[in-house]
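In what follows, a structure is listed as structure tokens, so that the remarks can point back to it.
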Amino acid sequence: MNWPKAKDTFTTYLFVAPAIVLFTLFSLIPFLKVFQLSVFDWDGISTQMHFVGLGNFKTALFRDGAWWTSMRNAGVVTILALSVQNVLALILALIVDREIKGKNFYRVVFYLPPVLSGIVVGLVWNWIFDGSHGLLNYALSAAGLGRYARAWLADPKTALFGIAVIHMWKGFGWGFVILLAGLQAIPRELSEASRVDGASEWYIFSRITVPLMLPVFFLVSILTVLGTMQIFDIIVSTTNGGPGYHTEVPITRILAAMTGSSRFGYACSLGILFGIILLAVSMVQMRLSKWSSQLT
Amino acid sequence: MPRRRFYSRWFLPLLALLAVAGCRARDSTTKGQILLWHWMTDRDDALQALADRYTKETGTKIRLELYAPSDAYASKVRAAAQTNTLPDIFGVLGESRDLASFITSGRVANLASAMSANNGAWQKQFFVKALATNTFSAGNEHHVSVGVYGVPIDVTNIQMLYNKDLFKQAGLDPERAPATWNEFIKDWRQLKAAGIPGFVSGWGETWMIDCFANNYAFNVMGEKKVLDTFRGLVPYTDPDWIRVLSLFEEIRREELLVSGAVTMVNKTAEQTFANGKAAFAFNGSWCVNVYKGMNPDLHFGVLLPPRLIDHNPMRIWGGAGSSFMVNAQSPNVDASIKFLQWLTAAPQQVELAKATANLPANQTSLGDLPPTLAAFASKMDSTTHPSQWPLTENPTVTEAFDKGVQSILIGEKTPAQVAADVQKLKKQQAAQ
């Protein structure tokens, strides 16, 4: 290699070096450290760590019922978000995509909830769902449905669904923005030509819009799954995982292991298991996405 | 020299060198200057004023750094411990096992000799229970060397409170609080008949459930049997534990708990009581300051949790409220101890108590306390705390117990079912 070429290569690496150093320091090393800690019994402070091999994973997989309850709870909220939240986002995106009055205003309004802090949203909804003086119970009583009033977030029958409602309210704006961008990328000529040919609105939607939007649907669904499974701030500001284990989610269990019982190693193993599950779900979705794009 | 060559030959390597040099950990301790990390937003101004005065009097500079909320503070201290960047004085928030880990890894100085110097002058000024929280005795479960490892700056205890105005409204004597469980239920029925909501506590924070349940466990079966349960010698399915769990079933049956209290954080519970939306509350001595801020016109009294049976005393959780530890690896250990001795002396404790309405750790400075705070102070002898016990329950078992209580309160499980679940988990943990 001659000197100018070597210098060129060196300069290239020099420019990339800060990014590599930062990535290594703040992403790679912590990531590897989590794997290292997951095979130890460690309280987070002691200089001594006890090697337990795969013991932490064994406990998580076969003995920790609360962990699997938390996975199931997150799964329920995710299914609701995938269906209700995304359908709502799509309907709103379809409406705003048309030439309606004040569409820019609606775009801003629909996008507001995701911008708000989860803690703030949780506190506001706490007040709405409050059993004694909540807005929802007040509205029910005013409508003559006072018999249905309850402490929505403290009742085991409604607590998780209450959390799902808050999460979907806060999250639908993301899907709305992405779906709207997808809709606007579809050439208008396609639908206009179909209309000239006498196609109904439903026909245009099912035969043109949906097939062309499939990759966007998959993107939104991947983001929804990843975002919902990692739900945390809303839980902390509303139910703290209760009553009982009814609103526990994986992140609250990881935090409970780490700070509640000082089992850092076990918390790391839960984090790895959770990561693997999310990775598997994402891979399935990406496969489906590829398959759908081949179809279109 | 062309500009491009200058950049490639000198500027970029210099930048890289500076970047690497900048990665060095910042010194958290400096000889002759004391750095103190704390988490108490409500006491920041008062502590700063005292620190400034100490600097003026002695010439020793005290630098306070506030990190809040307490969760963030606890994480910061843990991270600093792992990177050897702890300040001269700090607090360990958590349970005795957390403090023990800091001590066994050589990060907290043993203050026993300073405490016992001059015939134990420093030690004697504290409430015994306050110091017990930071003391490790011979044979402790964490294998920590015998010693005193923290300096309490205030004390706290957790009791029940009742709203005097609501008592009057229901035709009850506002100066007579119920002393037994039966009286408590009787008073509640009268309050309920008057349309007054019952009892509130932040039972979404499970440690408060644990606290309440422990009070009654000590009352029903005494300390020895409770500790024997932790040792695995008494099962949770024992009738005495079922009796304790049944209290929560009775609370549910009597509709005593304010709606939603089972998932309520304590701050909301405090607001509920302060607004007169509950006749009773279960809260710590810090509430005096909190209620003053929320509703200065609130008239409330303090009562020991009404006892269930007479032959064991009612014990309440209490002890050191906030404590400071001295960094064993600091170059300012002696100066830090001197500052803490000054901070816990009577004049400074009186000033701190006045400014923050917290109970002082120095028992010789109780003179000017308002009546409600004095009521809390008068029960310091009845306090106990897991950090003072020779052993504590496995945290996983404790969590299952507290979550089980929540299940009873929402009518999902019976006391017997919860007891069986907890005992099963206890056995599993013991097998591990």
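Throughout, read-outs are computed from the coordinates displayed, never taken from laboratory work. All of these numbers come straight from a predicted model, not from anything done at the bench. Positions of Cβ are backbone-derived with ideal geometry, glycine not excepted, and every protein chain shown enters the neighbour counts.
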Dmax and Rg, reported as Rg then Dmax, of segment A:1-153 (C-alpha, Å): 26.6, 87
Calculate, in whole percent, how much of the Cα-Cα pair population of segment B:239-315 lies beyond 15 Å. 64 percent
Rounded to whole Hz and in sequence order, give me ³J(HN,Hα) for segment B:340-352 from the Karplus expression 6.51 cos²θ - 1.76 cosθ + 1.60, θ = phi - 60°, writing x for Gly and Pro. 5, 5, 5, 5, 9, 6, 3, x, 5, 5, 4, 4, 5
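If you build the Cα gyration tensor of segment B:318-410 and take the root of 5 times each eigenvalue, what three semi-axes come out, in whole angstrom, biggest first? Please report the intermediate quantities before stating the final value.
Values: eigenvalues 205, 103, 24 Å².
In descending order, the three semi-axes are 32, 23, 11 Å.
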From DSSP H assignment alone, runs of 4+ in chain A each adding -39500 (n - 2.57), the sum over residues rounded to the nearest 500 puts [θ] at 222 nm at -22000 deg cm²/dmol
So what are the ³J(HN,Hα) numbers for segment B:55-63, from phi and the Karplus equation (6.51, -1.76, 1.60; θ = phi - 60°), rounded to whole Hz, Gly and Pro as x? 4, 5, 6, 10, x, 7, 7, 10, 10
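Could you please tell me the mean projected area of the C-alpha convex hull for segment B:251-378, averaged over all directions and given in square nanometres to one decimal?
Working: hull surface 45.3 nm².
Spelled out: convex hull of the Cα atoms, projected over all directions, averaged, 11.3 nm².
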Could you list, in their original order, any pairs among B:LYS31/B:LYS61; B:LYS61/B:LYS354; B:LYS403/B:LYS424; B:LYS129/B:LYS354 whose Cα atoms are separated by more than 19 Å? B:LYS61/B:LYS354; B:LYS129/B:LYS354
Relative contact order (%) - chain A, alpha-carbon pairs under 8 angstrom, separation at least six: 29 percent
Size of charge dipole - chain B - debye, nearest 20, with Cβ of Lys, Arg +1 and Asp, Glu -1, no other charges: 1560 debye
For segment A:125-142, what does the Karplus curve 6.51 cos²θ - 1.76 cosθ + 1.60, with θ = phi - 60°, yield as ³J(HN,Hα) per residue in whole Hz, taken in order and with x for Gly and Pro? 5, 4, 5, 5, 8, 3, x, 8, 10, x, 5, 5, 5, 5, 5, 4, 4, 5
Placing each pseudo-label 7 Å from Cα in the direction of the beta carbon, B:GLN33 and A:TYR138 end up separated by a distance in nanometres of 5.3 nm
Sort out for me the Cα centre separation of segment B:51-109 from segment B:252-309, rounded to whole Å. 32 Å
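Take the alpha-carbon positions of chain B, form their convex hull, and give its projected area averaged over all directions (one quarter of the hull surface) in nm². Show your work: numbers first, answer last.
Working: hull surface 109.3 nm².
Across all orientations, chain B yields a mean hull projection of 27.3 nm².
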For segment A:39-116, what is the relative contact order in percent, using Cα pairs closer than 8 Å and at least 6 residues apart in sequence? 14 percent
Dimensionless Rg over Rh [chain A; C-alpha; Kirkwood]: 1.07
Would you be so kind as to identify which of A:SER70, A:ALA149, A:ALA17 lies farthest towards the positive end of the dipole of chain A, taking Lys and Arg as +1 and Asp and Glu as -1 on Cβ and the Cα centre as origin? A:ALA17
Report D for segment A:171-296 in µm² per second (integer): Stokes-Einstein, Kirkwood Rh on Cα pairs, 4 °C, 1.567 mPa s. 74 µm²/s
Placing +1 on the Cβ of each Lys and Arg and -1 on the Cβ of each Asp and Glu in the protein assembly as shown, which of A:ALA256, A:HIS167, B:THR135 has its Cα farthest towards the positive end of the resulting dipole? A:HIS167
For the protein assembly as shown, what is the Kirkwood hydrodynamic radius in Å, using each pair of distinct C-alpha atoms? 29.3 Å
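Rounded to the nearest 0.05, what FRET efficiency do B:ASN182 and B:THR414 give with R0 = 25 Å and r taken as the Cβ-Cβ distance? Could you check?
Working: r = 22 Å, r/R0 = 0.89.
Efficiency, rounded to the nearest 0.05: 0.65.
Find, to one decimal place in angstroms, the Kirkwood hydrodynamic radius of segment A:38-128, where the mean of 1/r is taken over every pair of different Cα atoms and then inverted.
Working: mean 1/r = 0.0558 Å⁻¹.
Kirkwood hydrodynamic radius for segment A:38-128: 17.9 Å.
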In whole Å, what is the distance between the alpha-carbon centres of segment A:36-100 and segment A:224-283? 5 Å
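Quick one: net charge of B:VAL290's neighbours, Cβ under 14 Å, K/R +1, D/E -1? Before the final figure, lay out the partial values.
On the way: positive: B:ARG43, B:LYS267, B:LYS292; negative: B:ASP42, B:GLU270.
Local net charge: +1.
Rounding to the nearest 20 debye, state how big the charge dipole of segment A:43-131 is about its Cα centre with +1 on each Lys and Arg Cβ and -1 on each Asp and Glu Cβ. Working shown, then result.
Working: 7 positive and 5 negative charges, 51 e Å.
With only Lys, Arg, Asp and Glu charged at Cβ, the dipole is about 240 debye.
Cβ under 14 Å from B:LYS61's Cβ, B:LYS61 left aside: what net charge do those residues give with Lys, Arg +1 and Asp, Glu -1?
On the way: positive: B:LYS31, B:ARG53, B:LYS56, B:ARG63, B:LYS338; negative: B:ASP52, B:GLU57, B:GLU65, B:ASP88.
Around B:LYS61, the surrounding residues sum to +1.
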Based solely on C-alpha atoms, express the radius of gyration and the Dmax of segment A:232-296 in angstrom. 16.4, 52
Expressed as a rounded percentage, what relative contact order does chain B have, with Cα pairs under 8 Å and six or more residues apart? 24 percent
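How large is the helix-only mean residue ellipticity at 222 nm for chain B, computed as the sum of -39500 (n - 2.57) over DSSP H runs with n ≥ 4, divided by its residue count, in deg cm²/dmol to the nearest 500? Show your work: numbers first, answer last.
Working: 18 runs with 208 residues, N = 432.
That comes out to -15000 deg cm²/dmol.
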Quickly work out the A:ALA185-to-B:ASP173 label distance, labels modelled 7 Å from Cα along the C-beta direction, and quote it in nm with one decimal. 7.8 nm
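Going from the alpha-carbon gyration tensor of segment A:117-164, what semi-axes, largest first and in whole Å, does one get by taking the root of 5 times each eigenvalue? Numbers along the way, then the final one.
Values: eigenvalues 73, 32, 11 Å².
Working from the Cα gyration tensor, I get semi-axes of 19, 13, 7 Å.
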Farthest toward the dipole's positive end in the protein assembly as shown, which of B:ALA328, B:PHE218, B:GLY404, given Cβ charges of +1 (Lys, Arg) and -1 (Asp, Glu) about the Cα centre? B:ALA328
So how strong a dipole does the protein assembly as shown carry about its Cα centre when Lys and Arg Cβ are +1 and Asp and Glu Cβ are -1, to the nearest 20 debye? 1980 debye
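Please list the equivalent ellipsoid semi-axes of segment B:193-245, computed as the square roots of five times the alpha-carbon gyration tensor eigenvalues, in descending order and whole angstrom.
Values: eigenvalues 147, 34, 16 Å².
Taking √(5λ) for each eigenvalue gives 27, 13, 9 Å, largest first.
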Cα atoms only, segment B:131-261: Rg and Dmax in Å? 18.7, 57
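Compactness ratio of segment A:103-228: Cα Rg over 2.2 N^0.38 Å, N = residue count?
Numbers: Rg = 19.7 Å, N = 126, 2.2 N^0.38 = 13.8 Å.
Scaled against compact globular proteins, the figure is 1.42.
In a shell of Cβ-Cβ distance under 13 Å around B:GLY367, excluding B:GLY367 itself, what net charge do Lys and Arg (+1) and Asp and Glu (-1) give? Write out the running numbers ahead of the final one.
Numbers: positive: B:LYS354; negative: B:GLU351, B:ASP368.
Around B:GLY367, the surrounding residues sum to -1.
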Cα→Cβ-extended label distance, 7 Å offset, between B:ASN84 and A:LEU28, nm: 2.6 nm
